[in-house]
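A short reminder: the numbers here are calculations on the coordinates, not readings from a lab. All values derive from a computational prediction rather than experimental measurement. Cβ placement follows ideal geometry from the backbone for every residue including glycine, while neighbour counts extend to all protein chains displayed.
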Amino acid sequence: MPNVGPTGSTAMADPGLLGEPFMQRALLGGLLTGALGGLLGSFAVLRQLSFFSDALGHSALLGITLGILLGINPTVVLIPFAAMIAILVNQLVKYSALPTDALLNIVYSSSLAAAVLALSLVETYRGGIQQLLFGDILGISWRDLGVIGALLVGALAYLALSLRAQVLLTLNNNLAGSMGVRTGWRQLAFITLLAVVVAVSIKAVGVLLISAFVVIPASTGCLLSRSFPLYVLNSALLGGSCALVGLLASGLTNLPSGPSVVMVQFLGFLAALI
Amino acid sequence: MSGVVLRVQDLSVLRGGTPVLEGVSFSLQSRSNTALVGPNGAGKSTLVAAVLGLLPRSPCEVEILGHPLGAEGQLPRSVRSQIAYVPQNLALQRRFPLAVAEFVGFGFDSPGPRCPWHNRQGRRLAVQRALERTRCADLGQRLLSELSGGQLKRVLLAFCVVRPRRLLVLDEAQAGLDAPSKEQFQHLLLELCGQEGWTVLQVSHDLDLVRRNCDQVLCLNRWLRCSGSPDHTLSPERLSEIYDPNAQCGSYRQHRHG
C-alpha cells in the first residue's frame with residue numbers, strides 16, 4: 001500500500017510508482033472525475049449554480065455520516081441523499097421568498113453542522129474526517145471507476161441529446177417553454193444529475209474541493225471558447241487534464257492530491273484570464 | 001391561410017391565491033398584428049406566459065390553431081413548432097460562449113430530443129438565410145453576449161424566421177432600445193410579418209408605435225378593459241380608464257356577476 005498522508009498525499013517521489021495499480025486507478029479516476037465535473041460545470045456555471053454545487057458538497061458530509069451511523073456503505077447512502085437534498089433545495093428556491101444564496105447557505109451550513117455533531121458520536125471512523133474533507137483518490141477502486149465512467153457516458157449522452165433544451169433553458173425559461181421544453185422537469189433532472197455527480201466524486205475529491213472541480217475548468221473553458229459545443233468539450237477536457245497533471249505533480253512532489261489538482265486548475269484559469 | 005390562430009376564452013390566473021388575470025377573452029385572426037397594452041403589473045407578461053402554456057391554468061381556455069392547450073401546456077408538436085416567442089431579454093452573462101449562428105440554429109429544429117448533428121447542412125443553410133433576412137449576416141460568428149441591444153433583437157427575429165411559423169409572441173421585445181433602434185426593429189418586424197404571414201401578439205408600452213403599426217389593441221389591467229382598433233382603444237379617455245386601476249372596477253364586477 002502507498003504511504004498516504006492525512007490529506008491524500010503520497011510518498012511518490014519514485015516515478016516507478018506510476019506502474020502501481022493503485023496509482024493507475026487514481027490517475028484514471030482523476031481523469032474521469034475531472035471530465036465529469038467540467039462537463040456538468042459548463043452548464044452549472046452559466047446557470048449560476050456554482051454555489052449550489054458547493055452546498056451539495058458540504059451537505060454530502062451529512063449523508064456520509066448517516067451511512068456510517070447506520071452501518072451502511074456511505075457511498076450507497078450518499079447518492080440518494082444528495083439527490084434528495086438537490087430536490088429539496090430546488091423546491092425551497094422555487095417556493096421561498098428568500099434569495100437563493102441565503103437558502104443555499106442555510107442548507108449547507110446546517111447540514112455541515114449536523115454532520116460534525118453526528119460524527120462526534122462515532123468513536124472511530126476508519127477513513128477519518130480528513131479523508132472526507134479532502135478526498136482519497138488513491139483509495140479509488142475499479143468499481144468506483146466503473147460507476148464514474150458510466151455516469152460520464154450517461155451525462156454526456158443526456159446533455160448531447162438535450163443540448164438545445166439545455167441552452168435555451170439557460171438563456172430564458174419562457175423561450176425554452178415556448179419551444180416545447182418541459183422546463184420544470186429539465187431543471188430538476190439537471191440538478192439531480194449534478195447532485196449524483198457530486199456524490200460520486202466526493203470519495204475522490206472530498207467535500208471541501210468538489211465545487212472547484214465543477215466551477216474552475218468550466219470558467220476557464222468559458223474564457224477560451226467561442227462556440228457552445230466547443231465550450232462544453234473544452235471544460236470537460238480541461239477538467240480531466242488538470243486532474244491528471246495535478247495528480248502527477250502531487251505524486252512527484254509528495255503534496256496532497258486534491259489541493260494539487262485545484263491549484264493546477266487555478267493556474268490554468270489564470271493563464272486563460274491573461 | 002385564414003381563420004382564428006389564437007382563441008382565449010375566459011382565462012383566469014391566480015398567483016398565491018390572488019387573481020392576476022380574470023376572465024380574459026379574445027381571439028387573433030390570421031395575419032393580424034395585435035398589441036397588448038396596459039400599466040406595469042397589469043398582467044401582460046402573465047397573459048403571454050399563460051398563452052404559451054407556461055403557467056398552470058384550467059384546460060381548454062386557450063386554443064392555438066384549433067388545438068386546445070393542455071393544463072400543463074401540452075400541444076401537439078406540429079402546433080408547438082408553429083409558435084415563435086421573443087422575450088424581453090436573455091440571461092446572458094458578461095461572457096456567454098454561444099455564437100449567434102448556433103443560437104439561431106436552435107430555432108431551426110422542431111421540438112423534441114435529437115442528435116446535435118441531425119440535418120446539419122439544412123440547418124446551416126436556413127441559419128445563413130435567416131441571418132441575411134434580418135440583416136445579421138455579419139454577426140454569425142460573434143458571441144451572443146457581445147451584441148448590442150438592437151443587434152440582439154434582430155438575432156431574436158432571425159431565431160423566429162429560421163423556420164416557418166404562424167404565431168409570433170413578443171413580450172416587450174423593444175424594451176431598452178433607443179428610438180431609432182425601436183423604429184428599425186418595428187420596420188423589420190413588419191417586413192418579416194408581410195413575408196411570413198405571421199399572426200402577431202406583442203406586449204408594448206410604446207403607444208405611438210402601436211397606433212402606427214398594429215391593427216388591433218387589447219387593453220389589459222387584470223381583465224380586458226377594452227379591445228378594438230387603435231383609434232377606438234387609444235383615445236385619451238380610454239387610456240385614462242386603462243391606466244387607472246379603479247376606473248372600471250364597478251362596471252366589470254357588474255358585468256361578471258350580473
Given q = 0.12, 0.13, 0.19, 0.21 Å⁻¹, what are the Debye log10 I(q)/I(0) values for the range B:40-152, with equal point scatterers placed on the Cα positions and solvent ignored?
-0.58, -0.68, -1.12, -1.18
To the nearest 0.05, the calculated FRET efficiency linking B:GLN74 and A:ALA272 through their beta-carbon distance, R0 being 45 Å, is 0.55
Largest first, please: the extent of the C-alpha atoms of the protein assembly as shown along each principal axis, to the nearest Å.
86, 52, 37
Per-pair calculated FRET efficiency, R0 = 22 Å: A:ARG226 and A:THR100 via Cβ, rounded to 0.05
0.15
Solvent-free Debye scattering, log10 I(q)/I(0), computed from the Cα coordinates of the range B:141-208 at q = 0.20 Å⁻¹
-0.86
Please report, in whole Å, how far the alpha carbons of chain A spread along each principal axis, starting with the longest.
58, 45, 32
Rg over Rh, two decimals, chain B (C-alpha only, Kirkwood Rh):
0.98
Can you grab the distance from the C-alpha centre of the range A:54-99 to the C-alpha centre of the range B:94-155, Å, no decimals?
39
Of A:GLY16, A:GLY221, A:GLY251, the one that fluctuates the most in a GNM where chain A has Cα springs shorter than 10 Å:
A:GLY16
Stick to the Cα atoms of the range A:63-155, pair each with every other, and give me the Kirkwood hydrodynamic radius in Å at one decimal.
15.3
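Relative contact order (percent) for chain A, with alpha-carbon contacts under 8 angstrom and 6 or more residues of separation?
37
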Inverting the mean 1/r over all pairs of different Cα atoms, compute the Kirkwood radius of the range A:83-211 and quote it in Å.
17.0
Please order A:ILE216, A:ILE85, A:ILE274 by the number of other Cβ within 10 Å, starting at the fewest.
A:ILE274, A:ILE85, A:ILE216
Tell me the mean residue ellipticity at 222 nm calculated for the protein assembly as shown from its helices only (DSSP H runs of n ≥ 4, each -39500 (n - 2.57), averaged over every residue, nearest 500).
-18500 deg cm²/dmol
For the range B:206-245, the percent of all C-alpha pairs falling in each 5 Å bin, from 0 up to the bin holding the max distance, is 6, 27, 37, 23, 7, 1
What is the Cα convex hull volume of the range A:206-274 when expressed per residue in Å³?
68
In the range A:74-154, the chymotrypsin sites (Phe, Trp or Tyr not before Pro) that fall in loop regions by DSSP, at most 12 other Cβ within 10 Å
none
